[in-house]
Amino acid sequence: MWYVIKYNKNQKNILLNSLKEKIKTDLKIYIPKIKILKHVGKKLKKIEKNILENYLICNSKEFEDSKFISSLKYLKGLGYFLLDSKYNQKEIDNFVKNCESYEDEKGYISPTFFNEKHFKNGKFISGILLNRAFKFISLNGSKMRILIDGINLTINNKRSNYFSQL
């Protein structure tokens with residue numbers, strides 16, 4: 001059974017170790033991530049980013065027991081379990097499979113994962129347009145037309161343009 005788990009900021013590894021101590025077998029942890037370029041001073045640095053921010057997805061047969069879930073609520077690093085996860089198993093499974101289908105050989109999700117989704121409104125999370133909000137206009141082959149501050153832009157869909165939905 002899949003569960004979406006929120007972890008406390010900067011405590012992901014603590015939570016992962018705590019989960020591995022409690023769940024000895026059949027534990028699958030999925031954290032979809034991207035690699036982006038970020039300006040640090042005058043240098044460009046490659047940074048790994050979890051696309052779900054401080055959430056991760058876990059799978060274990062032991063999650064089928066609600067008492068077991070309750071016993072985990074005081075794990076180090078745990079924010080909380082999204083309890084509605086048990087009602088959304090098919091959607092979570094489809095999301096994980098979809099993310100995995102866009103992963104490269106190193107486990108990073110490619111920018112085309114984001115470009116395949118037709119957002120009405122979005123915000124760039126990498127590149128020269130970092131933190132800029134936009135409105136989606138159209139997708140034509142490898143070109144995506146967007147509107148930023150009243151300006152129509154056409155950007156190449158195959159570049160490292162990662163964005164999130166607003």
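Just to be sure, is LYS28 farther than 28 Å from SER126 by Cα, open to solvent by 50 Å² or more (accessible area, probe 1.4 Å) and of a type outside the set (Gly, Ala, Ser)?
On the way: farther than 28 Å from SER126 by Cα: yes; open to solvent by 50 Å² or more (accessible area, probe 1.4 Å): yes; of a type outside the set (Gly, Ala, Ser): yes.
Considered against the rule, which asks whether it is farther than 28 Å from SER126 by Cα, open to solvent by 50 Å² or more (accessible area, probe 1.4 Å) and of a type outside the set (Gly, Ala, Ser), LYS28 comes out as yes.
Of LYS86, LYS33, which residue is in contact with a Phe, Trp or Tyr (Cβ under 7 Å, 6 or more places away or on another chain) and surrounded by 15 or more Cβ atoms within 10 Å (Cβ to Cβ)?
Going through LYS86, LYS33 in turn, the sole match is LYS33.
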Some residue of the stretch 110-125 being in contact with an Asp or Glu (Cβ under 9 Å, 6 or more places away or on another chain), touching a residue at least 12 places away in the same chain (Cβ under 8 Å) and surrounded by fewer than 14 Cβ atoms within 10 Å (Cβ to Cβ): no
Some residue of the stretch 49-72 being modelled with pLDDT of 90 or more and at positive phi: no
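Working only within the stretch 18-50, note down all residues that are touching a residue at least 40 places away in the same chain (Cβ under 8 Å) and out of contact with any strand residue (DSSP E or B) (no Cβ under 6 Å at 6 or more places or on another chain).
Initially, the stretch 18-50 is screened for residues touching a residue at least 40 places away in the same chain (Cβ under 8 Å), giving 18-19, 22, 30, 32-38, 48-49.
Matches in the stretch 18-50: SER18, LEU19, LYS22.
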Residue match in the stretch 62-80 (condition: under 17 Å from GLU21 (Cβ atoms) and among the acidic types (Asp, Glu)): yes
Check on LYS76, surrounded by 12 or more Cβ atoms within 10 Å (Cβ to Cβ), at pLDDT below 95 and among the charged types (D, E, K, R): yes
Meets criteria (under 23 Å from TYR3 (Cβ atoms), touching a strand residue (DSSP E or B) at 6+ places or on another chain (Cβ under 8 Å) and either surrounded by fewer than 12 Cβ atoms within 10 Å (Cβ to Cβ) or at pLDDT below 85 (or both)) for TYR102: no
Residues of the stretch 1-15 satisfying the condition of being over 14 Å from PHE68 (Cα atoms), surrounded by fewer than 17 Cβ atoms within 10 Å (Cβ to Cβ) and of a type in the set (A, V, I, L, M, F, W, C): ILE14
Matching residues in the stretch 131-158 - criterion: being at pLDDT 80 or above and assigned to a loop (DSSP other than H, G, I, E, B): ASN131, ARG132, ASP149, GLY150
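The values are calculated or read from the model by the stated rules, or taken from the named source; none is laboratory data. The structure presented is a predicted model; accordingly, all values stated were derived computationally and were not measured. FYI the Cβ positions are ideal-geometry reconstructions off the backbone, even for glycines, and counts take in every protein chain you see. In case anyone asks, the SASA skips ligands and DNA or RNA and just uses the protein heavy atoms, side chains included. Shrake-Rupley method; radii C 1.70, N 1.55, O 1.52, S 1.80 Å.
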